[in-house]
Amino acid sequence: MNNHPRVVVIAEAGVNHNGDIKTALQLVDVAAESGADVVKFQTFKTEELVTQLADKAEYQKELTGSEESQFNMLKKLELDRATHEELIQYCELKGIRFLSTAFDHDSIDLLAELNIPFYKIPSGEITNLPYLRHIGCMGKSLIMSTGMATLEEVLDALDVLLEAGAEKDKITVLHCNTEYPTPMEDVNLLAMLSIGEAFGVKVGYSDHTLGIEVPIAAVALGATVIEKHFTLDRSLPGPDHQASLEPDELKAMVQAIRNIEKAMG
């Protein structure tokens, strides 16, 4: 028998619904059919995140044009409470767990009210100490992406979470590179093991490369959580579609991960 806990595969829909509930429901279908454990969206209040005049990131300009402000782009991608409730019900129907990443304090509270299974801390918030304190006192399991953080920043973030009341054995730290897409030579997959050794936490990997090889290799190395962006169609307009898997690729990745789990014995 396999003594390892099953790898949790998070299919990251993110904002690839383009603000359309029908597309969001289709993304749930694709994630459920792929065999992923969790489908993840993003919860934010645009007003809390950016000013009306904030410029877009360069990759966002390339993919979505520069006429529209970042505020207006994000506003169209925002999901309200009713949409969250509809997605949660639909996920239950489809047998997959709903998850969302909160990007601000109101969103942390909204997700608590909706009773999400665990909190996902995105790379960009790892140095946001008030945000980490808020999540740390929620008493939930936590998954934290490290993006471009140094080991010292990861340590500081863990300290803040633990001081706020989070339990160390309920924290998983995901190695991650925030380049979209990430070139292979920048993946540095062994850093995942360094994180585990340095902090004595469970580790995983959040992938922004174009293929499916790296997440599969991460599972062979001991990742307990894999997160990967997916979309209905890579050619859709929007900031994240191009670095996402299409449905058949997502299915192939999950299948390969399950095979590697069996093969590890």
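The values are calculated or read from the model by the stated rules, or taken from the named source; none is laboratory data. Source: prediction; values computed, not measured. Don't worry about glycine lacking a Cβ; one is built from the backbone with ideal geometry, like all the others, and counts go over all protein chains shown. Please note that ligands, DNA and RNA were not included when accessible areas were found on the heavy atoms of the full protein model with its side chains. Shrake-Rupley method; radii C 1.70, N 1.55, O 1.52, S 1.80 Å.
Residues in the range 189-202 that are touching a strand residue (DSSP E or B) at 6+ places or on another chain (Cβ under 8 Å), farther than 15 Å from Lys170 by Cα and in a loop (DSSP other than H, G, I, E, B): Leu189 only.
Summed over the range 43-58, the residues that are open to solvent by 30 Å² or more (accessible area, probe 1.4 Å) and closer than 26 Å to Ile226 by Cα give a count of 1.
Of the residues that sit in the range 216-248 and are charged (D, E, K, R) and within 21 Å of Leu99 (Cα to Cα), which one is most open to solvent (accessible area, probe 1.4 Å)? If we take residues in the range 216-248 being charged (D, E, K, R) and within 21 Å of Leu99 (Cα to Cα), then Glu246 is most open to solvent (accessible area, probe 1.4 Å).
Under the condition of being surrounded by fewer than 21 Cβ atoms within 10 Å (Cβ to Cβ), part of a loop (DSSP other than H, G, I, E, B) and in contact (Cβ under 8 Å) with a residue 40 or more places away in the chain, the residues counted in the range 16-36 number 3.
Here Ala218 fits the description: in contact (Cβ under 8 Å) with a residue 24 or more places away in the chain, out of contact with any Asp or Glu (no Cβ under 7 Å at 6 or more places or on another chain) and in a helix (DSSP H, G or I).
Yes/no per residue for (1) modelled with pLDDT of 95 or more; (2) of a type in the set (A, V, I, L, M, F, W, C); (3) crowded, with 17+ Cβ neighbours inside 10 Å:
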position	(1), (2), (3)
Lys76	no, no, no
Asp80	no, no, no
Glu86	yes, no, no
Ala102	yes, yes, yes
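Within the range 142-168, if we keep just the residues that are open to solvent by 50 Å² or more (accessible area, probe 1.4 Å) and touching a residue at least 12 places away in the same chain (Cβ under 8 Å), the residue that is nearest to Pro215 (Cα to Cα) turns out to be Met148. In the range 173-215, of all residues being in contact with a Lys or Arg (Cβ under 7 Å, 6 or more places away or on another chain) and farther than 16 Å from Val154 by Cα, the one that is surrounded by the most Cβ atoms within 10 Å (Cβ to Cβ) corresponds to Asp207. Being buried (at least 20 other Cβ atoms within 10 Å of the Cβ), of a type in the set (Ser, Thr, Tyr) and touching a residue at least 40 places away in the same chain (Cβ under 8 Å) is the filter here, so list the residues in the range 104-141 that pass it. Hit for the range 104-141 is Ser107, nothing else. Conditions first: (1) touching a strand residue (DSSP E or B) at 6+ places or on another chain (Cβ under 6 Å); (2) surrounded by fewer than 23 Cβ atoms within 10 Å (Cβ to Cβ); (3) β-branched (Val, Ile, Thr). Ile260 passes all but one, so which condition is the exception? The failed condition is (1).
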